[in-house]
Each structure stands twice: as C-alpha cells, then as structure tokens.
Amino acid sequence: MWWNKPYVNRRDWVLENLGGLELSPKQTVVVLMIDYYNSHNRVIDLPSFAKSCNLELSEVDETIQSLVQSQVLSVKPDRDRIAFNLDALFSNGLMYEYVDEDIFEVFESEFGRLLSQNELVMLNEWLSTYTQEEIIDALRQALIYQKASMNYINAILVNKRQEGK
C-alpha cells in the first residue's frame with residue numbers, strides 16, 4: 001500500500017488531489033485531522049476532536065457519518081478505542097507518483113543509517129521537482145566534499161537549478 005510508505009506525506013497527497021476527491025470543506029478538515037491524529041497515535045474522542053477541527057460536535061458527527069456512507073472512512077472498535085481508517089480514500093484515489101525505492105536505499109547506504117522521517121519527506125519532495133539523476137549527482141557531490149547532509153544536498157540542487165536558468 002503506497003500510502004503507508006514512510007516517505008509519503010498523506011496530508012500533502014490529500015491537499016494535492018483535493019479537486020479529484022470530491023470532499024466538502026468540512027469533510028476535508030475532518031479527513032486531515034483524522035490522518036493527523038492517526039499519525040500521532042492520538043485517541044479520537046469526539047468532543048476534543050471537534051474542538052481541534054473548530055467544528056461543533058454535531059457537525060463532526062454528521063461529517064463522519066457522511067464519510068462512512070461515501071466509503072472514504074471506516075470506523076471499527078479496536079481493543080480499547082475506536083479506529084478511524086482512511087485507507088479507502090487512498091486506495092480509491094489517484095495513485096501517488098511512482099517512486100523508485102532504490103534511491104532511498106542509495107541514501108541510506110551512503111549515510112550509513114536509516115533516513116529519518118523528515119529526510120524521507122524531503123527526499124520525496126525533491127523527487128517531485130528534480131530527476132533521480134540530479135539528486136544522485138548532488139549526493140555524490142556532497143560526499144566528495146564530505147558534507148553528506150540533506151541541507152547541503154538541497155543547496156546543491158537549488159544552485160544547479162539556478163545556474164541552469
């Protein structure tokens with residue numbers, strides 16, 4: 001499931017594909033907030049959730065019901081809490097652009113460690129702007145100067161793009 005990959009920012013995907021998702025403004029807020037709560041393992045209790053969404057409790061309840069009816073959201077009991085699952089939104093939506101996972105392995109190999117969540121997100125953002133060849137070239141350049149950091153690589157990418165204009 002592409003939407004569960006560590007380098008995929010699900011909230012960015014929702015915002016980027018908002019036009020094709022046919023969500024109302026209230027549904028969008030609730031979906032984004034559910035994803036936020038889920039990513040931080042926060043329990044969703046409706047009164048505090050409604051406050052976080054800046055909506056009335058009845059509005060949140062109606063919005064959740066509409067999302068369940070449209071099969072965007074599933075709500076199921078899970079041990080000691082209720083699980084709010086948005087997988088259907090992503091599986092029925094547009095596929096996230098294909099990313100060759102080898103580039104992540106190259107970075108992890110060169111850095112000698114697993115990439116952090118922020119580094120994975122940054123690398124994924126680069127892939128939407130630069131080619132894999134440009135990114136690998138910038139990584140190699142940073143390694144030559146013994147400055148293997150995401151910020152340094154980003155500076156190389158930005159400078160090369162500016163020089164090319």
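Coordinate-derived values only; no laboratory data. Since the structure is predicted, the reported quantities are computational estimates derived from the model, not experimental observations. Neighbour counts are summed over all protein chains in view; Cβ atoms, including those assigned to glycine, are modelled from backbone coordinates with ideal geometry.
What FRET efficiency comes out for Arg140 versus Asp12 if R0 is 22 angstrom and r is the Cβ-Cβ distance? Round to the nearest 0.05.
It comes out at approximately 0.20.
Please compute the modelled spin-label separation between Tyr36 and Leu114, points set 7 Å along Cα→Cβ, answer in nm with one decimal.
2.6 nm
Sequence neighbours fewer than 8 away in the same chain don't count; with that in mind, list the lysines whose C-alpha is under 24 Å from Lys160.
Lys147
Can you work out the Karplus-derived ³J(HN,Hα) for every residue in segment 33-40? Use 6.51 cos²θ - 1.76 cosθ + 1.60 with θ = phi - 60°, whole Hz, and x for glycine or proline.
5, 4, 4, 4, 4, 5, 5, 9
With axes computed from alpha carbons, what is the tilt in degrees of helix 57-69 against the longest principal axis of the chain, rounded to the nearest 10 within 0 to 90?
The angle comes out at about 70 degrees.
Rounded to a whole number, what is D in µm²/s for the chain from Stokes-Einstein with the Kirkwood radius over alpha-carbon pairs (4 °C, 1.567 mPa s)?
Result for D is 71 µm²/s.
With the cut-off at 1.5 for a/c, could you classify segment 22-65 from its C-alpha gyration tensor as rounded, prolate or oblate?
Working: a/c = 2.02, a/b = 1.21, b/c = 1.67.
It is oblate, given that a/c is not under 1.5 and a/b is not larger than b/c.
Over segment 102-160, with a single point scatterer placed on each C-alpha, what log10 of the ratio I(q)/I(0) does the Debye formula yield at q = 0.19, 0.29, 0.31 1/Å?
Once normalised to I(0) and log-transformed, intensities are -0.59, -1.53, -1.71.
Checking a compactness column here: for segment 2-92, what do you get for Rg(Cα) / (2.2 N^0.38 Å), N being the number of residues?
Values: Rg = 12.5 Å, N = 91, 2.2 N^0.38 = 12.2 Å.
Here the Cα radius of gyration is 1.02 times the empirical estimate.
So what's the back-of-envelope 222 nm ellipticity for the chain, counting only DSSP H runs of four-plus at -39500 (n - 2.57) apiece and dividing by all residues, rounded to 500?
Value at 222 nm, helices only: -18500 deg cm²/dmol.
Taking Cα atoms, how many degrees apart are the long axis of helix 150-164 and the longest axis of the chain, rounded to 10 and kept between 0 and 90?
On a 0 to 90 degree scale, this one is about 70.
From Cα pairs below 8 angstrom and at least 6 apart in sequence, can you work out the relative contact order of the chain, rounded to a whole percent?
20 percent
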